[in-house]
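Peer 1: Before I ask anything, here is the structure I am working with.
Computed from the coordinates by the stated procedures, all read-outs in this text should not be read as laboratory data. Since we're looking at a predicted model, the values are computed, not measured. Cβ placement follows ideal geometry from the backbone for every residue including glycine, while neighbour counts extend to all protein chains displayed.
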Amino acid sequence: MGIKRSGWKIKTIVVILAAILLVPITVTSSAALTLPGGEAPPPGSSVSGNITEAGKALLSGPRLTERGPIDFSIQFQNEGNVHIKPAGTVIISTFWGMQLADLTVDGENVLPKNSRLFQVKWPDVPSFGIFTAQGNFRYETNESASTPKFFFVVLPWKLILAGLAIFLLGLLSTRLLRRKRPVRYKAAWR
């Protein structure tokens, strides 16, 4: 009875393991596992077929931020037919090309025809400026996937807005205080 209720769990685990091992399997309704030919393959055997390793990466993050740290997300899409483990860096540069940071992205397996989200944080963010971020990734066969440049701005806009408001208030108050008041003369003949 316990097997019947958790049969879907067993099927799910078997399918995931088969996807990782790339072994063709057949799952019957009673959750029994059978390999083609009815027996297990010998140890050290290989699976025939073409191996395709392909992937693409998409880098995203905030376009406008006041201060750091800044979190970047890398969505890696595995377009091949084997699992790959991408690893690489996100390079942060100024608008003019001076490199400021090199953030390491640790890879984890991405199953075929699936995607995985990786997170990386830039803790030492300058006070203001226009910056670019670009990801460069490599996987098993030294194939690479790089992302297009991602532009973002660090601008303390609330601080700038408060400073501008104080400046305008000061300017307005000095104008009002320096305004010439009409002088009232008393007639001397009275």
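Peer 1: Filter segment 140-170 down to the residues that are farther than 26 Å from residue 100 by Cβ and among the aromatic types (Phe, Trp, Tyr) and list them by number.
Peer 2: 167
Peer 1: Of all residues in segment 45-61, which are closer than 19 Å to residue 114 by Cα and surrounded by fewer than 17 Cβ atoms within 10 Å (Cβ to Cβ)?
Peer 2: Matches in segment 45-61: 50, 51, 52, 54, 56, 58, 60.
Peer 1: Tell me, please, whether a residue that is of a type in the set (A, V, I, L, M, F, W, C), crowded, with 17+ Cβ neighbours inside 10 Å and free of Cβ contacts under 8 Å to residues at least 60 places away in the same chain can be found in segment 62-72.
Peer 2: no
Peer 1: When segment 117-127 is examined, which residues are found to be buried (at least 17 other Cβ atoms within 10 Å of the Cβ) and under 16 Å from the mean Cα position of the chain (by Cα)?
Peer 2: Those that are buried (at least 17 other Cβ atoms within 10 Å of the Cβ) and under 16 Å from the mean Cα position of the chain (by Cα): 118, 120, 122.
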